[in-house]
Amino acid sequence: MSSNPKKTENRYVNDLRRFSYFQSQFFGLKGVTVPLGLSVIFLTLVGLYVASAQHGISEDWLIVVVAAIVGGYMALNIGANDVANNMGPAVGGKVLTVVSAILIAAVCETAGALLAGGDVVKTVSKGIISPGDSVSVGEFRDLMLSALFAAALWINFATILNAPVSTTHSIVGGVLGAGIAAAGFGLVNWSTMAAIAASWVISPVFGAMFAAAILFVIKKKILNVDDRLTAAKTWVPIMIGLMAAAFAAYMAMKGLKKIWHPSVIEVLVYSVFAFLAAYFLSRPYIARRVVSLEGSRKDVNSLFDLPLIAGAALLSFAHGANDVANAVGPLAAIVSTVGEGAGIGSKVTIPLWVMAIGAFGIALGLGLFGPKLIAVVGEKITRLNSPRSYCVALSAAVTVLIATTLGLPVSSTHIAVGAVFGVGFLREFLENPNKRRVRPGHKLNDTAEEAFNSRDYKSVRRLVRRRFVLSIAAAWIITVPASALVAAAVYALLQLL
């Protein structure tokens with residue numbers, strides 16, 4: 001009888017545990033079903049709008065409706081995956097909350113797509129394939145639809161695996177696979193494919209090197225000096241000026257390139273003007289801020305908050321202006337083949353409703369699914385703060401400018417993630433050699449040699465999570481072949497149907 005109360009107590013405890021488990025499962029399921037439900041509603045509205053906007057439903061318009069739904073699905077996935085590269089560092093640096101980052105990115109992405117997305121772009125073949133006369137209009141539509149669906153599926157899968165991947169490379173792989181399935185390997189432009197393969201190395205290495213170099217300067221000139229506040233009054237305005245100059249050139253050469261084509265001299269003039277304006281405007285602002293600070297690292301770090309937020313917003317605007325058009329390009333290509341006198345052209349006009357699907361789809365995908373990848377880029381690879389995140393944003397802009405000037409193929413996704421790794425590995429490099437300095441803990445040993453040979457000295461602080469290095473690199477490498485295989489399979493299925 002004495003054991004009965006204990007059994008009863010254990011039963012109540014187990015019941016509470018089971019209730020807690022089922023409750024967590026319910027709310028976890030709710031967190032998945034609500035975003036999925038809203039996504040389905042969005043895609044349904046896209047399909048209904050496109051169908052109702054046509055005068056008559058025929059076979060041609062049916063494929064446009066299907067392509068519009070797939071394009072909306074692609075836009076949702078871009079918002080869930082690609083936008084994290086711009087906002088992740090600001091969230092990881094504790095400068096923006098996830099909600100505020102999503103709101104800023106959604107507004108800037110939509111504005112970039114609708115205001116600076118441009119009316120005419122090259123066909124989504126992107127130079128990967130040359131259709132010519134070997135592909136009929138019907139086969140071309142199936143090719144573009146297969147490429148779009150395959151790219152969307154791959155980005156969706158990569159998001160589930162917490163891997164930020166290149167949207168452009170996903171589309172390229174889709175076009176490549178469907179093109180080969182349609183007309184064989186002779187359709188492929190292999191020199192373009194070689195350039196894309198080179199970007200897998202060039203982009204992250206350039207991004208990492210530049211971000212690490214800027215962070216090294218900030219540490220040596222501002223953070224690791226005796227009088228941080230005086231150093232900040234001198235150097236932070238210069239850093240803000242550098243970011244203003246970089247983003248002035250970045251917006252001129254990339255963010256607004258589809259509606260504005262300045263010369264190199266004009267870009268240089270605007271960049272110099274932006275540097276001087278930002279420098280002289282920020283000097284009194286930094287001077288006023290420094291008066292109320294105590295000189296701790298945390299206080300000095302906060303001086304980078306404002307330029308970081310501005311940089312993240314401009315990156316999102318440029319992303320909306322460029323990658324949104326690329327993402328809905330296959331849909332625009334399909335639309336261009338419908339109607340009298342339509343065919344496969346070298347240029348494709350993107351209707352406003354197509355751009356709207358891309359813009360609002362990305363904003364919705366970011367709001368519903370974006371926090372997952374934002375957390376990976378901003379927090380899980382390495383620990384970020386304002387100066388480190390500032391270096392990532394500046395590196396993303398400057399590396400793209402240098403690569404564009406030199407004609408090197410780069411991916412903005414790979415640059416941003418590579419910059420995060422570069423910041424983390426620089427921290428490791430600077431942190432671990434410091435263990436050779438004599439510290440109070442060393443005096444607990446009998447001799448200095450014994451202290452240096454101790455386990456504490458030999459241990460190395462890992463400030464970058466290695467598993468993310470391997471998983472993200474693997475996802476980058478297999479993006480093109482994976483999306484190509486899926487696209488080829490989808491194209492073959494469409495031909496059977």
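The values are calculated or read from the model by the stated rules, or taken from the named source; none is laboratory data. Because the structure is a prediction, the values reported are computed rather than measured. Ideal geometry is used to build each Cβ from the backbone, glycine not excepted, and the neighbour counts take in all protein chains shown. We work out accessible area using only protein heavy atoms, side chains counted, and drop any ligands, DNA or RNA first. Shrake-Rupley method; radii C 1.70, N 1.55, O 1.52, S 1.80 Å.
Look at the range 335-354 and say how many of its residues are touching a helix residue (DSSP H, G or I) at 6+ places or on another chain (Cβ under 6 Å) and modelled with pLDDT of 85 or more.
1
Report whether or not Ala232 is open to solvent by less than 30 Å² (accessible area, probe 1.4 Å), of a type in the set (Gly, Ala, Ser), touching a residue at least 60 places away in the same chain (Cβ under 8 Å) and within 17 Å of Asp305 (Cβ to Cβ).
Yes.
Based on what the data block shows, is Val165 buried (at least 19 other Cβ atoms within 10 Å of the Cβ) and part of a helix (DSSP H, G or I)?
Taking the combined requirement at face value, the residue does not satisfy it.
Take the residues in the range 261-281 that are open to solvent by 90 Å² or more (accessible area, probe 1.4 Å) and modelled with pLDDT under 90, then tell me which one is farthest from Glu109 (Cα to Cα).
Val264
Given the structure, is Tyr250 farther than 24 Å from Ala419 by Cα and in a helix (DSSP H, G or I)?
Considered against the rule, which asks whether it is farther than 24 Å from Ala419 by Cα and in a helix (DSSP H, G or I), Tyr250 comes out as no.
Go through (1) of a type outside the set (D, E, K, R); (2) outside any helix (DSSP H, G or I); (3) at pLDDT 80 or above one by one and return the number of the condition Ile171 breaks.
Here Ile171 meets the rest and fails (2).
Cβ-Cβ under 8 Å, sequence separation 6+ or interchain: first residue in the range 104-122 and over 15 Å from Leu76 (Cα atoms) and open to solvent by 10 Å² or more (accessible area, probe 1.4 Å), partner aromatic (Phe, Trp, Tyr) and modelled with pLDDT of 80 or more. Which pairs?
Taking only residues 6 or more apart or on different chains, the pairs are Cys108/Phe317; Ala111/Phe317.
Working carefully through the options Leu303, Leu308, Leu281, find the one that is closer than 30 Å to Ile155 by Cα and under 32 Å from the mean Cα position of the chain (by Cα).
Leu308
Which condition number does Leu215 fail, the rest of (1) touching a residue at least 40 places away in the same chain (Cβ under 8 Å); (2) surrounded by fewer than 22 Cβ atoms within 10 Å (Cβ to Cβ) being met?
Unmet condition: (2).
Residues that are touching a residue at least 12 places away in the same chain (Cβ under 8 Å), farther than 23 Å from Ser316 by Cβ and open to solvent by 30 Å² or more (accessible area, probe 1.4 Å): does the range 238-252 have at least one?
Checking the range 238-252: at least one residue is touching a residue at least 12 places away in the same chain (Cβ under 8 Å), farther than 23 Å from Ser316 by Cβ and open to solvent by 30 Å² or more (accessible area, probe 1.4 Å).
Being out of contact with any Cys (no Cβ under 6 Å at 6 or more places or on another chain), of a type in the set (A, V, I, L, M, F, W, C) and under 21 Å from Val91 (Cβ atoms) narrows it down to one residue among Leu331, Leu303, Leu293; which is it?
Selected residue: Leu303, the only one of Leu331, Leu303, Leu293 that is out of contact with any Cys (no Cβ under 6 Å at 6 or more places or on another chain), of a type in the set (A, V, I, L, M, F, W, C) and under 21 Å from Val91 (Cβ atoms).
Have a look at Gly441, Gly370 and point out the one that is open to solvent by less than 10 Å² (accessible area, probe 1.4 Å) and either part of a helix (DSSP H, G or I) or at pLDDT below 75 (or both).
Gly370
If you take the residues in the range 411-434 that are touching a helix residue (DSSP H, G or I) at 6+ places or on another chain (Cβ under 8 Å) and either of a type in the set (Ser, Thr, Tyr) or surrounded by fewer than 19 Cβ atoms within 10 Å (Cβ to Cβ) (or both), which one is farthest from Leu394 (Cα to Cα)?
Applying the filter and picking the extreme gives Leu430.
Which condition number does Ser302 fail, the rest of (1) modelled with pLDDT of 90 or more; (2) within 18 Å of Ile402 (Cα to Cα) being met?
Unmet for Ser302, out of (1) modelled with pLDDT of 90 or more; (2) within 18 Å of Ile402 (Cα to Cα): (2).
Considering only residues of the range 202-246 that are touching a Ser or Thr at 6+ places or on another chain (Cβ under 6 Å) and hydrophobic (A, V, I, L, M, F, W, C), which is nearest to Leu303 (Cα to Cα)?
Ile240
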